[in-house]
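See below for the structure under consideration.
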Amino acid sequence: MNVFGLDVGGSGIKGAPVDTTTGKLLTERFRIPTPQPASPEAMIATAAEVVAHFAWQGPIGCGFPAVVKAGVVHTAANIDPSWIGRDLAGDLSTALGQPVVAINDADAAGMAEIRWGAGRGVDGVVLMVTLGTGIGTALFVKGQLVPNTELGHTEIRGKEAEKRAADRVREQKNLSWKEYAERVDEYLDTMERLLWPDVIIIGGGVSKDADKFFPRLTVRATIVPAQMLNNAGIAGAALAAVAEPAVPPEPPVATMPPAATNPGA
Ligand code: BGC
């Protein structure tokens, strides 16, 4: 089945049609920088541009950098706070005129790695960590996702982990790979003490530089770079649309439930 995968990030909005049996992108992906401020209107309009680039008609899966439950956004660490409470799946499906399923971006990337990439066939506890604008996490137990884990916000020495070890911090502070490896190692060590994963998959753009910092990591778990590199988010978002029921383009008008009757009154 072919599904459009949309990966909405703090710095870029990208997408491509995906073959959800193989996880392969059917064409090269198309990317537009995330508008600033990253307001719902601006981001939805940019997402619509990405989809329009392919003249896509059909189901769409969207990964989004926040807690997303039943299509609704609940947090806003690296996006405009006005996102909180927005029905992302509903608003996107209305804007695009296609059915949309929305999930957390790291969960999407993790699903792709578990199905087709570095986590394939691993029968234990797998933690996917995406190092990008923030730190995203996806936790799998025997291949089953525990959604919206948000472990990038775990505090380390009184400060959120993603403010210490996201790839954006490496770039902003111009850290050497040795300095950055120390930060990532401290974070992974904290995760290890809490979760004892068997395998940790490192994703995000930085995974292509694995050879520059992996040798300095000291955790006990097996650490592997994401195999699908930056395409995991797109492929996983498409996969989510196959796994979950989509929000239809025009949701039915809400009807009031019948008035409650209280026979005992
Ligand atoms: C957000 C997560 C997201 C991660 C990576 C964090 O700041 O809270 O929901 O998965 O960034 O984008």
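Just give me the residues in the stretch 215-229 being outside any strand (DSSP E or B) and either hydroxyl-bearing (Ser, Thr, Tyr) or free of Cβ contacts under 8 Å to residues at least 40 places away in the same chain (or both), in sequence order. Give the steps one after another, and end with the answer.
Keep residues of the stretch 215-229 that are outside any strand (DSSP E or B), which gives 215-221, 226-229.
Within the stretch 215-229, Pro215, Arg216, Leu217, Thr218, Val219, Arg220, Leu229 meet the criteria.
For the condition surrounded by fewer than 24 Cβ atoms within 10 Å (Cβ to Cβ) and of a type outside the set (Asp, Glu), what is the one hit in Ser93, Ser82?
Among Ser93, Ser82, only Ser82 is surrounded by fewer than 24 Cβ atoms within 10 Å (Cβ to Cβ) and of a type outside the set (Asp, Glu).
Okay, residues lined up against (1) under 25 Å from Pro37 (Cα atoms); (2) polar (S, T, N, Q); (3) near the ligand (Cβ under 9 Å from one of its atoms):
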| position | (1), (2), (3) |
| --- | --- |
| Ala89 | yes, no, no |
| Asp105 | yes, no, yes |
| Gly110 | no, no, no |
| Pro147 | no, no, no |
| Glu155 | no, no, no |
| Trp177 | no, no, no |
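Which fully enclosed strands (runs of 3 or more DSSP E) of the stretch 111-214 have 2 or more residues being surrounded by fewer than 18 Cβ atoms within 10 Å (Cβ to Cβ)?
The strands (runs of 3 or more DSSP E) meeting that bar are 144-146.
Mind telling me which of the residues Ala16, Ala70, Ala38 ends up being within 16 Å of the ligand (Cβ to nearest atom) and either buried (at least 24 other Cβ atoms within 10 Å of the Cβ) or at pLDDT below 95 (or both)?
Values: Ala16 fails: within 16 Å of the ligand (Cβ to nearest atom); Ala70 fails: either buried (at least 24 other Cβ atoms within 10 Å of the Cβ) or at pLDDT below 95 (or both).
Only one candidate passes the filter, namely Ala38.
Looking at Val100, is it surrounded by 24 or more Cβ atoms within 10 Å (Cβ to Cβ) and away from the ligand (no atom under 16 Å from the Cβ)? Please lay out each step first, then the result.
On the way: surrounded by 24 or more Cβ atoms within 10 Å (Cβ to Cβ): yes; away from the ligand (no atom under 16 Å from the Cβ): yes.
Taking the combined requirement at face value, the residue satisfies it.
Conditions tested, residue by residue: (1) closer than 15 Å to Asn231 by Cα; (2) among the hydrophobic types (A, V, I, L, M, F, W, C).
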site	(1), (2)
Val3	yes, yes
Asp7	yes, no
Gly10	no, no
Lys14	yes, no
Leu25	yes, yes
Glu41	no, no
Trp56	no, yes
Lys69	no, no
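So for the stretch 45-55 (the condition being touching a strand residue (DSSP E or B) at 6+ places or on another chain (Cβ under 8 Å), touching a residue at least 60 places away in the same chain (Cβ under 8 Å) and away from the ligand (no atom under 16 Å from the Cβ)), does at least one residue qualify?
No, the stretch 45-55 has no match at all.
Among the residues of the stretch 112-133, which ones are near the ligand (Cβ under 10 Å from one of its atoms) and more than 18 Å from Gly5 (Cβ to Cβ)?
Of everything in the stretch 112-133, those that are near the ligand (Cβ under 10 Å from one of its atoms) and more than 18 Å from Gly5 (Cβ to Cβ) turn out to be Val129, Leu131, Thr133.
The values are calculated or read from the model by the stated rules, or taken from the named source; none is laboratory data. Since this is a predicted model, take the numbers as computed values, not measurements. Glycine gets a Cβ as well: all are built from the backbone with ideal geometry, and neighbour counts include every protein chain shown.
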